[in-house]
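The values are calculated or read from the model by the stated rules, or taken from the named source; none is laboratory data. Fair warning: this is a prediction, and the values are worked out from it, not measured in the lab. Cβ placement follows ideal geometry from the backbone for every residue including glycine, while neighbour counts extend to all protein chains displayed.
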């Protein structure tokens, strides 16, 4: 964020969402009825299987369009790959991405590769949205409730597996979560939600801090109500701490107020997530309608308040 302060102000009346908020994607108005939602992201491999990693990376990238309430349509591959790497591995990774993109209704139309010592893969994705139906992370209203559509703890579980501290079979629920599109939640929230964001690298805490700051409000969450992947807390208690936790605590810790909470659980909300769920903010009066449309688990984990503007408060 410090680097962005060096950039000159962008003046374009058709740029509806840009650097002015910490939103998941940019939005550019084409007509009074149509705007483009545009995003880009890249990941290092999280799992051994390149096909599975391709699916995870694609789901993660496409999620930014869903978080804005948009409909993803086109994508370009972006690949960093070793010059002497196996072509078969690259092919499987791209196939995984294409299969997941097709499931989302996204047409892959090419891409770009560059030489890299480490494998990196992601997508640049374009979607459609009505200019008056954009859901940003900067419009939460006091009194709104917050629901979360996927468990947290993916970063901790993957880190334990990569370091040989977890059996591959224990990774399956996390993989299923990461390869699941946020499409259904995005469709269900449209016309109901005031605000939304997907939970990725900044962790639940970081993304909610950004939402609180963008909305000029405060967010309070109850740790006991947050869905958690099985085994994630035990991994933390054993002393295995994934790097994202420290990074996100350093970035957002000063904006988080703790009130009598379990320290291990409060650490987990800072953990990096990949292809996490949507944190959806909506009026209590719209909650039942959302649940009827979504039909899957989406517990209320918190609310929007007036106190401590721009900060996240966590309670037990």
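Output the residue which, of all residues in the stretch 271-291 that are in contact with a helix residue (DSSP H, G or I) (Cβ under 8 Å, 6 or more places away or on another chain) and in a loop (DSSP other than H, G, I, E, B), is surrounded by the most Cβ atoms within 10 Å (Cβ to Cβ).
Among residues in the stretch 271-291 that are in contact with a helix residue (DSSP H, G or I) (Cβ under 8 Å, 6 or more places away or on another chain) and in a loop (DSSP other than H, G, I, E, B), the one surrounded by the most Cβ atoms within 10 Å (Cβ to Cβ) is 271.
Give the stretch 83-137 a look and list any residue that's in a loop (DSSP other than H, G, I, E, B) and under 12 Å from residue 55 (Cβ atoms), or say none.
Answer for the stretch 83-137, where residues must be in a loop (DSSP other than H, G, I, E, B) and under 12 Å from residue 55 (Cβ atoms): just 104.
Looking at 76, 43, can you tell me which residue is surrounded by fewer than 18 Cβ atoms within 10 Å (Cβ to Cβ), under 28 Å from residue 210 (Cβ atoms) and not assigned by TED's automatic domain parsing to the domain that holds residue 276?
76
So residue 37 ticks every box in (1) surrounded by fewer than 16 Cβ atoms within 10 Å (Cβ to Cβ); (2) closer than 19 Å to residue 200 by Cα; (3) modelled with pLDDT of 95 or more but one. Which box is left unticked?
For residue 37, the failing item is (1).
Among the residues that make up the stretch 158-177, is at least one of them closer than 23 Å to residue 22 by Cβ, within 19 Å of the chain's Cα centre (by Cα), surrounded by 13 or more Cβ atoms within 10 Å (Cβ to Cβ) and at pLDDT 95 or above?
no
So which residues in the stretch 18-34 are surrounded by 10 or more Cβ atoms within 10 Å (Cβ to Cβ) and farther than 22 Å from residue 106 by Cα, if there are any at all?
Correct list: 18, 19, 20, 21, 22.
Give the residue that is surrounded by the most Cβ atoms within 10 Å (Cβ to Cβ), with candidates limited to residues of the stretch 244-270 that are touching a helix residue (DSSP H, G or I) at 6+ places or on another chain (Cβ under 9 Å) and not in a helix (DSSP H, G or I).
This residue is 269.
I need the full set of residues from the stretch 162-200 which are touching a strand residue (DSSP E or B) at 6+ places or on another chain (Cβ under 9 Å) and within 17 Å of residue 242 (Cβ to Cβ), in order please.
Of everything in the stretch 162-200, those that are touching a strand residue (DSSP E or B) at 6+ places or on another chain (Cβ under 9 Å) and within 17 Å of residue 242 (Cβ to Cβ) turn out to be 199, 200.
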